[in-house]
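Colleague: Would you mind keeping the following structure in view while I ask a few things?
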Amino acid sequence: MLEIKRATPDDAERAFEIRREAIRGHCIGAYSAEQMALWTRGRASDGYGALMEKQFFMGWFNGEPVATGMLDLASHEIGALFVLPVFSGRGFGKAMLAHLEQVAQQQAIEQVVLDATLNAVNFYRACGYVGDEQAVYRSPSGLVLACVPMVKPLRVMTPV
């Protein structure tokens, strides 16, 4: 079972490594080798650590961090959903996504959005997200990638 905890600034380096390994393991064929090299360069200290201040979570399995995910409360956007390739297929990505959606519901967010990488579109569709139009994602570092903007309405949780 995946244990999901709020990330801390001390988790930034490991979260960045999970991201790097997930991109290198899951995005082969969806993006060029050059795009993947640009996407995975750098270090957490290049700005990734700032994400830990947001609703950034890490998923732990047997005491080891294996997944990440983030919810931007201002834009209602889910991002940074990565699972180490050796832990793929165990439902950890779905568990993290469900956790992020629950956090959104608790904040009375009625709809979440995300930019799905081309390799992850079917995963998100299976989780109830809709969107078909390919677009261009431009990262803060200047990387340009094809993506599919997707959306999912949520049922807002009412306080008991």
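Coordinate-derived values only; no laboratory data. Bear in mind the structure is a predicted one, so any value in this text is a computation, not a measurement. So basically every Cβ, Gly included, is an ideal-geometry build from the backbone, and we count neighbours across all protein chains shown.
Colleague: Describe numerically, in nm with one decimal, the distance between label points set 7 Å from Cα along Cα→Cβ at ASN62 and at GLU13.
Modeller: If labels sit at ASN62 and GLU13, their model points lie 2.4 nm apart.
Colleague: At 7 Å along Cα-to-Cβ for each site, give me the label-to-label distance between CYS127 and VAL156 in nm.
Modeller: 2.3 nm
Colleague: Restricting to DSSP loop positions (anything but H, G, I, E, B) with no more than 13 other Cβ atoms inside 10 Å of their own Cβ, which GluC sites (Glu not before Pro) remain in region 45-117? Show your work: numbers first, answer last.
Modeller: Values: sites: GLU53, GLU77, GLU101, GLU110; in loops: GLU110.
The qualifying sites are GLU110.
Colleague: Between SER32 and GLU3, what length comes free when the chain is fully extended (0.36 nm per residue of separation minus the Cα-Cα distance, one decimal in nm)?
Modeller: The SER32-GLU3 span can extend by a further 7.1 nm.
Colleague: Then there's this: Per Stokes-Einstein, at 10 °C and 1.306 mPa s, what whole-number D in µm² s⁻¹ belongs to the chain, with the Kirkwood radius over Cα pairs as the hydrodynamic radius?
Modeller: 99 µm²/s
Colleague: Which trypsin sites (Lys or Arg not before Pro) in region 37-123 pass both tests, a DSSP loop state and at most 12 other beta-carbon atoms within 10 Å?
Modeller: Hits after loop and neighbour filter: ARG41.
Colleague: Give me the one-decimal nm value for the distance between modelled label points at GLU77 and SER139, 7 Å along each residue's Cα-to-Cβ direction.
Modeller: Simple spin-label model gives 1.4 nm for this pair.
Colleague: Report the full-extension gain for the segment ALA98 to SER45: residue separation times 0.36 nm, less the Cα-Cα distance, to one decimal in nm.
Modeller: 16.2 nm
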